[in-house]
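J.: I'd like to ask you about the structure that follows.
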Amino acid sequence: MSDAKYYPRWRRDVILLAAVVVLAAALQFSVFKAGTQASEAVVTAHGETVVRLALGTDTIYTYEFEEETNEIVVENGGVFIRRANCKGQDCVRQGRIDRAGQSIVCLPHKLIIELAMTDANEPEIDIIVR
Amino acid sequence: MKNNRTLAKRLTTQAMLVAAAVVLGGIERLIPPFFPAMPGVKIGLANLATLAALYWLGEIPAIAIAVARILLGTFLFASVSALPYALAGGVLAWAVMCVGRRVFGVPGVSLLGAVAHNLAQICVSVWLLDSTVLFMYIPFLTIIACATGFVLGFVMLNLDNHIRKTSLLTNI
Ligand SMILES: [Zn+2]
């Protein structure tokens, strides 16, 4: 096997690196429009919306499904998971979020907390077509 | 010519790569995830074995080694629930690297593998969680993968330089 076959193609590699980084950065800035204030937290589990929590009022919501629990705390306009009985505790470690578009994910419990703007134009999604 | 000696040597090299990859994966597990939302997203040390296998042994041995190290690593260190993520990541990274090496050098191929690995993991998460929120992480994770992938490409080049000074890869 000849070395020439895969000897570094520096120019191409550097161009690839630059191109991917620029593309990703552009995407990043177009997705996160400079931290708009969120107004509610949408809690979704197993693909279905469980509850919508207004960020204006401090509350504690305990999500329960079979043996799975996550204690969701709304405090000072932000959300975090204080306690959970999931493996890894990744959702607890993700900490507090307070900007629209941010989310906390608990993979083992298939739970997502997503921050959204309260938007009246949101399409109705609870029409079930059978 | 493939005689018995060559065959034995190939098998040994493959087994060695699998073992090395499992160890690397285990070491990586000790590092806390820098992105808690996606526990599967890491430096990608174990992907180094797929990369090495691709260049030293070929495409088919590379995927065999990738799958073997994922199965072993998952059953040794992780829970079965992590398997779909690891498999999707490993297989897509392999496929992308196979195509990529026709065009790019080792650092570029390694970068593509890392990016593909992350993308596959995000897609599996989206599928399992039934929510597209996680697509939001793609840009951020891609930038991280660029850095780790490129650096690991250099590690691979160095490794290759050293290994080729020995007789480990002759007649293989
Ligand atoms: Zn959790």
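The values are calculated or read from the model by the stated rules, or taken from the named source; none is laboratory data. Just so you know, these numbers come straight off a predicted model, no measurement behind them. All Cβ positions, even for glycine, are placed from backbone atoms using ideal geometry, and neighbour counts span all protein chains on display. Accessible surface is based on the protein model in full, side chains and every heavy atom, while ligands, DNA and RNA are left aside. Shrake-Rupley method; radii C 1.70, N 1.55, O 1.52, S 1.80 Å.
J.: From the residues B:A68, A:H109, A:A45, which one has its Cα farthest along the dipole of the protein assembly as shown in the positive direction, the dipole being from +1 and -1 charges on Cβ of Lys/Arg and Asp/Glu about the Cα centre?
T.: Value computed over the given set: B:A68.
J.: Average partner chain C-beta neighbours within 10 Å, per residue of B:130-143?
T.: Per-residue shielding by partner chains comes out at 6.
J.: Another question, then. Size of the dipole of chain B about the Cα centre, Lys and Arg at +1 and Asp and Glu at -1 on the beta carbon, nothing else charged, in debye to 20?
T.: Approximately 680 debye in magnitude.
J.: Long-range amide H contacts for A:T69: which residues qualify at under 5 Å (H placed 1.01 Å from N, peptide plane, sequence gap of 5 or more or a different chain)?
T.: Residues meeting the amide H criterion: A:N85.
J.: Right, something else. Among B:I27, B:V99, B:Y55, pick out the residue whose Cα is farthest towards the positive end of the charge dipole of chain B, where Lys and Arg carry +1 and Asp and Glu carry -1 on C-beta, about the Cα centre.
T.: The Cα lying farthest towards the positive end belongs to B:Y55.
J.: How many square angstrom of accessible surface are buried between B and A, both sides summed, with a 1.4 Å probe and rounding to 100?
T.: Summing both chains' loss of accessible area gives about 3100 Å².
J.: Which percent of Cα-Cα pairs in the range A:40-116 sits in each 5 Å bin, short to long?
T.: Reading the bins upward from 0: 3, 18, 32, 28, 13, 4, 0.
J.: Dipole size in debye (nearest 20) for the protein assembly as shown around its Cα centre, Lys and Arg Cβ +1, Asp and Glu Cβ -1?
T.: That gives a dipole near 2140 debye.
J.: Next question, about the same structure. Quick one: 3J(HN,Hα) in Hz for the range B:15-30, Karplus 6.51/-1.76/1.60 with θ = phi - 60°, rounded, Gly and Pro as x.
T.: Calculated HN-Hα couplings, in order: 4, 5, 5, 4, 4, 4, 5, 5, 5, 4, x, x, 5, 4, 5, 6 Hz.
J.: Return the inverse of the average 1/r over all pairs of distinct C-alpha atoms in the range B:2-164, which is the Kirkwood hydrodynamic radius, in Å to one decimal.
T.: Over the range B:2-164, the inverse of the mean reciprocal pair distance is 15.9 Å.
J.: Over the protein assembly as shown, with a single point scatterer placed on each C-alpha, what log10 of the ratio I(q)/I(0) does the Debye formula yield at q = 0.12, 0.15, 0.16 1/Å?
T.: Cα-only, vacuum Debye calculation for the protein assembly as shown: -0.84, -1.14, -1.24.
J.: Give the total of Lys-Lys pairs in the protein assembly as shown with Cα-Cα distances below 21 Å; include a pair only if its members are 8 or more places apart or on different chains.
T.: 5
J.: Let me ask another. Given a 1.4 Å probe and the protein chains all in place, what does the accessible area of B:K42 round to, in Å² to the nearest 10?
T.: B:K42 has an accessible surface of roughly 60 Å² with all protein chains in place.
J.: Compare B:W127, B:W94, A:W10, B:W56 by solvent-accessible area with a 1.4 Å probe and give them largest first, with all protein chains kept in place.
T.: Largest accessible area first, the list is B:W127, A:W10, B:W94, B:W56.
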